[in-house]
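Report on the structure given below.
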Amino acid sequence: MTQYAHLRRDASARKPPTATDPIGGGILFVLAAIGLLLATSYPLYAAAIVGTLVAGAAILRIGVPALARELHGRVTELKVPGIGTVQIRVSGR
């Protein structure tokens, strides 16, 4: 039998597996499988949660810029005892 020295792997040449990648992927897979099972078991609750998340994202996308426009240029002064007066200004990027 012919043995090729360049194809033989020594025990010291092997790389140890990384500690975080397989564990993180495995945990993510298990959580995704549990979430999928729960979503199929309780579709009304799953739809309500997804709808709430979508509505919350829409409110944040619309509400935060509107609040920034409302507060743009406004100066608020706070009196901090023992320190003095602090001015807060809201400005756009």
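For beta carbons closer than 9 Å, sequence separation of 6+ or different chains, a first residue in the range 73-88 that is among the hydroxyl-bearing types (Ser, Thr, Tyr) and a second that is exposed (fewer than 10 other Cβ atoms within 10 Å of the Cβ) and in a strand (DSSP E or B), the qualifying pairs are THR76/GLN87; THR85/GLU77; THR85/LYS79. Filtering the range 59-78 to residues that are among the charged types (D, E, K, R) and either in a strand (DSSP E or B) or more than 21 Å from the chain's Cα centre (by Cα) (or both) leaves ARG69, GLU70, ARG74, GLU77. Residues that are modelled with pLDDT under 80, outside any loop (DSSP other than H, G, I, E, B), of a type outside the set (Gly, Ala, Ser) and loosely packed, with under 10 Cβ neighbours inside 10 Å are absent from the range 34-43. Can you tell me how many residues in the range 50-93 are modelled with pLDDT of 85 or more, of a type in the set (Ser, Thr, Tyr) and surrounded by fewer than 10 Cβ atoms within 10 Å (Cβ to Cβ)? Residues flagged as modelled with pLDDT of 85 or more, of a type in the set (Ser, Thr, Tyr) and surrounded by fewer than 10 Cβ atoms within 10 Å (Cβ to Cβ) within the range 50-93 amount to 1.
The values are calculated or read from the model by the stated rules, or taken from the named source; none is laboratory data. No experiment lies behind these values; they were computed from the predicted model shown. Please note: Cβ atoms are built from the backbone with ideal geometry, for glycine as well, and neighbour counts cover all protein chains shown.
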